[in-house]
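Data first, discussion second: the structure below is written as structure tokens.
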């Protein structure tokens with residue numbers, strides 16, 4: 001009979017009158033990779049709190065390693081031996097790998113630290129993973145895959161029995177994710193347990209033994225391996241179609257063209273994008289995106305090759321911002337990085353109006369005109385004085401409609417679907433499509449396929465800074481997008 005590492009039995013958690021978890025039932029066996037597919041984000045943080053920290057629950061009980069650890073009125077004595085690996089690293093970047101694994105963990109009581117001994121022990125742990133990591137290297141110099149491996153080893157050295165892997169596909173490249181999967185399978189065989197949280201069923205199908213579907217703080221369905229079929233998920237997930245063939249692409253002259261561009265991480269990169277077209281550049285090693293962004297923002301020059309924009313050699317001239325060159329950027333998690341909480345919705349929306357090279361001044365009359373025009377897009381939100389009270393979808397509307405109003409020639413989106421639940425992802429598809437309808441070219445820079453093909457006209461696979469394959473829309477509309485990656489991830 002299988003032993004359990006974790007069981008949540010009829011757990012309800014209410015905080016400030018809001019039910020975060022409701023009759024939540026889940027069990028995880030020792031030596032199992034249990035998938036968790038949240039259809040929305042409601043209750044996800046509460047779930048992590050109760051299994052990691054034994055935070056108070058309203059009803060039900062929680063067992064860890066087959067011992068009752070949490071129930072209503074219980075005062076937790078200590079956290080559970082659970083280690084979370086996600087995009088926000090818990091490692092100290094200014095310390096070495098060996099220091100992070102051994103010195104910073106709880107229970108380490110040596111007053112004299114033998115550096116040579118620590119490095120030897122670290123080397124033994126690292127070699128088991130098959131990943132090349134120098135025990136004496138500083139963590140802030142490591143690649144994302146190496147950081148994940150160090151986090152895993154730190155958890156193992158600290159006595160963790162259950163690992164939570166939270167949205168790995170949002171920061172690991174396709175190649176790195178496959179490598180990490182192999183490592184997980186190795187430690188699964190050694191008896192370690194994992195909860196693999198992911199927004200896309202395709203990612204979970206690849207690695208998990210079972211999958212629990214979560215919605216509004218409840219587990220609504222558990223799938224066994226034999227049920228890992230799209231048809232089994234259809235009653236629970238939104239079915240939104242891939243983008244229709246674009247009627248917005250204009251002309252045959254590229255708006256943006258990279259011609260044999262080389263930098264530290266680009267290797268004779270060649271690609272182009274037309275006005276009104278959406279191109280997804282899938283960086284399979286997660287090395288090219290940073291250099292492309294620096295080139296397009298004027299922070300870097302190529303070693304060789306040339307970049308053309310709007311039929312001219314591309315250059316950020318005279319200290320002008322990229323916006324004045326007709327280029328806008330939408331960063332990852334833009335609601336946290338692109339909005340100003342002290343400004344009203346309308347002031348945020350109009351923020352870029354006078355940044356254009358058109359001589360337009362943002363007068364009260366113009367602001368009133370914009371408010372009337374964009375009411376049909378934004379609704380009553382446009383009158384909000386305090387944007388912190390708005391929903392996440394409303395904030396994303398604000399980000400994208402600000403770009404819509406500014407109307408640049410090219411929009412560069414970095415990982416637009418990262419961290420978004422199913423409902424938000426569907427909404428983002430419509431927002432990106434609205435930019436295309438306005439005639440803008442959209443370049444999406446991504447490290448995983450996510451829902452990018454729902455808006456794309458072309459997909460470019462980039463490996464080691466070079467385009468290795470191009471797929472047109474008529475091809476990927478009829479094939480599972482994850483099939484594109486199999487041969488290149490081997």
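The values are calculated or read from the model by the stated rules, or taken from the named source; none is laboratory data. On a predicted model such as this, the values are computed, not experimentally measured, just so you know. Glycine also receives a Cβ, built like all others from the backbone with ideal geometry; neighbour counts cover every protein chain displayed.
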Next item on the list: Mind listing whichever residues of the stretch 287-303 are in contact with a helix residue (DSSP H, G or I) (Cβ under 6 Å, 6 or more places away or on another chain) and either under 14 Å from residue 414 (Cα atoms) or crowded, with 17+ Cβ neighbours inside 10 Å (or both)?
Entry: 297
Notebook entry, point to check: Only one residue in 307, 330 is crowded, with 18+ Cβ neighbours inside 10 Å, within 22 Å of residue 466 (Cβ to Cβ), at pLDDT 90 or above and in the same structural domain as residue 443 (by TED's automatic domain parsing). Which one?
Noted result: 307
Check: Which fully enclosed helices (runs of 4 or more DSSP H) of the stretch 172-282 have 1 or more residues being closer than 28 Å to residue 85 by Cβ and at pLDDT 95 or above?
Finding: 174-189, 201-207
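For a quick check of your reading: which strands (runs of 3 or more DSSP E) sit entirely within the stretch 28-80 and have at least 3 residues that are assigned by TED's automatic domain parsing to the domain that holds residue 198 and either over 21 Å from residue 201 (Cβ atoms) or out of contact with any strand residue (DSSP E or B) (no Cβ under 8 Å at 6 or more places or on another chain) (or both)?
59-64, 67-70
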Next item on the list: Would you confirm whether any residue within the stretch 4-18 is part of a loop (DSSP other than H, G, I, E, B), in the same structural domain as residue 165 (by TED's automatic domain parsing) and touching a helix residue (DSSP H, G or I) at 6+ places or on another chain (Cβ under 7 Å)?
Entry: no
Notebook entry, point to check: Which one of these is at pLDDT below 90, assigned by TED's automatic domain parsing to the domain that holds residue 326 and more than 20 Å from residue 428 (Cα to Cα): 370, 360?
Noted result: 360
Margin query: Yes or no: the stretch 397-411 includes at least one residue that is in a helix (DSSP H, G or I) and closer than 25 Å to residue 166 by Cβ.
Written below: yes
Notebook entry, point to check: Does residue 156 qualify as being surrounded by fewer than 22 Cβ atoms within 10 Å (Cβ to Cβ), assigned to a helix (DSSP H, G or I) and in contact with a strand residue (DSSP E or B) (Cβ under 9 Å, 6 or more places away or on another chain)?
Noted result: yes
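Conditions tested, residue by residue: (1) surrounded by fewer than 18 Cβ atoms within 10 Å (Cβ to Cβ); (2) over 25 Å from residue 53 (Cα atoms); (3) without any contact (Cβ under 8 Å) to a residue 40 or more places away in the chain.
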| position | (1), (2), (3) |
| --- | --- |
| 132 | yes, yes, yes |
| 143 | yes, yes, no |
| 152 | no, no, no |
| 175 | no, yes, no |
| 195 | no, no, no |
Next item on the list: Considering (1) surrounded by fewer than 19 Cβ atoms within 10 Å (Cβ to Cβ); (2) closer than 19 Å to residue 433 by Cβ, say which one residue 390 fails and leave the rest.
Entry: (2)
Checklist line | Residue under evaluation residue 457, criteria (1) touching a strand residue (DSSP E or B) at 6+ places or on another chain (Cβ under 9 Å); (2) closer than 16 Å to residue 169 by Cβ; (3) modelled with pLDDT under 95, criterion not met | finding: (2)
Check: Counting only residues that are at pLDDT 85 or above and farther than 23 Å from residue 171 by Cα, how many does the stretch 70-97 have?
Finding: 7
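Would you check if residue 435 is touching a strand residue (DSSP E or B) at 6+ places or on another chain (Cβ under 8 Å), free of Cβ contacts under 8 Å to residues at least 60 places away in the same chain, on the phi < 0 side of the Ramachandran plot and assigned to a helix (DSSP H, G or I)?
Values: touching a strand residue (DSSP E or B) at 6+ places or on another chain (Cβ under 8 Å): yes; free of Cβ contacts under 8 Å to residues at least 60 places away in the same chain: yes; on the phi < 0 side of the Ramachandran plot: yes; assigned to a helix (DSSP H, G or I): yes.
Against the criterion (touching a strand residue (DSSP E or B) at 6+ places or on another chain (Cβ under 8 Å), free of Cβ contacts under 8 Å to residues at least 60 places away in the same chain, on the phi < 0 side of the Ramachandran plot and assigned to a helix (DSSP H, G or I)), residue 435 qualifies.
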Note to self: Only one of 468, 432, 444 is over 24 Å from residue 248 (Cα atoms), assigned by TED's automatic domain parsing to the domain that holds residue 275 and at pLDDT 90 or above. Can you tell me which?
What the structure shows: 468
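If a residue has to be more than 22 Å from residue 282 (Cβ to Cβ) and touching a strand residue (DSSP E or B) at 6+ places or on another chain (Cβ under 7 Å) to count, how many in the stretch 404-420 make the cut? I'd like the intermediate steps shown before the answer.
First, the residues of the stretch 404-420 that are more than 22 Å from residue 282 (Cβ to Cβ): 404-409.
Narrowing the set further to residues that are touching a strand residue (DSSP E or B) at 6+ places or on another chain (Cβ under 7 Å) leaves 406, 408-409.
Going through the stretch 404-420 one residue at a time, the tally reaches 3.
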